[in-house]
Amino acid sequence: MLTIPRQLADEPSRRRRAAHRDRVEQLLDDAGHFTRTDRVLIEQVYRHHVTYKEVAVLLGMSVRAVQVRLNALLNRTRQPLFRFVVDRHELLPRELRAVSRRAVLEGRSLRETARLTGLSLHHVRQRRQALRVLAGQ
């Protein structure tokens with residue numbers, strides 16, 4: 001009978017744990033680009049290991065709303081456009097920065113982005129499309 005040394009058998013799980021730690025660290029770094037509420041949510045769950053129920057009470061949300069919001073944040077950070085904007089925000093043309101911050105990094109709707117930036121909805125759409133072109137999407 002062939003036996004695998006325990007150290008070799010544990011290696012895949014060590015790699016998975018290390019990869020998970022790297023993803024969590026990246027997520028915590030990305031949280032600096034989120035709205036205050038989203039940043040609190042991410043930090044409480046991943047840095048302080050607070051339960052969803054406790055976070056829900058802290059933020060005045062339901063547990064289900066916390067789960068849905070967290071899932072949306074995780075999905076947003078996986079988007080290529082999000083990564084493009086995070087990596088190149090300071091290099092973007094000035095007229096694209098406000099839209100990229102509000103619509104891509106903070107995840108606000110186009111209408112809310114238009115209201116917050118003082119741009120028309122049409123101009124917000126144009127600038128988001130320009131970001132997509134720059135990102136190669």
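No lab work stands behind these numbers, since they all come straight from the coordinates. It should be emphasised that the depicted structure is a prediction, and the values quoted were computed from it without experimental measurement. Every residue, glycine among them, receives a Cβ derived from its backbone with ideal geometry; neighbour counts consider all protein chains shown.
Given the residues Gly32, Gly60, Gly107, which is the only one that is on the phi > 0 side of the Ramachandran plot and either among the aliphatic types (A, V, I, L, M) or under 11 Å from the mean Cα position of the chain (by Cα) (or both)?
Unique residue meeting the criteria: Gly107.
Of all residues in the range 41-58, which are among the hydrophobic types (A, V, I, L, M, F, W, C) and either free of Cβ contacts under 8 Å to residues at least 12 places away in the same chain or surrounded by fewer than 17 Cβ atoms within 10 Å (Cβ to Cβ) (or both)? Val50, Ala56, Val57, Leu58, listed by residue number.
Report yes if Arg88 is among the charged types (D, E, K, R) and within 15 Å of Leu27 (Cβ to Cβ), otherwise no. For Arg88, the condition - among the charged types (D, E, K, R) and within 15 Å of Leu27 (Cβ to Cβ) - is not met.
Exactly one residue among Val50, Val63, Val45 is over 17 Å from Leu105 (Cβ atoms), in contact with a Lys or Arg (Cβ under 8 Å, 6 or more places away or on another chain) and not aromatic (Phe, Trp, Tyr), and that residue is Val63.
Within 30 Å of Arg111 (Cα to Cα) and part of a helix (DSSP H, G or I): is that true of Arg17 in this structure? Don't jump to the end; show me each part of the working.
Values: within 30 Å of Arg111 (Cα to Cα): no; part of a helix (DSSP H, G or I): yes.
Criteria not met by Arg17.
Residues in the range 110-134 that are touching a residue at least 40 places away in the same chain (Cβ under 8 Å) and either of a type in the set (Asp, Glu) or surrounded by fewer than 18 Cβ atoms within 10 Å (Cβ to Cβ) (or both): Arg132, Leu134. A count restricted to the range 90-109 and to residues that are in a helix (DSSP H, G or I) and either in contact (Cβ under 8 Å) with a residue 24 or more places away in the chain or surrounded by fewer than 15 Cβ atoms within 10 Å (Cβ to Cβ) (or both) stands at 11.
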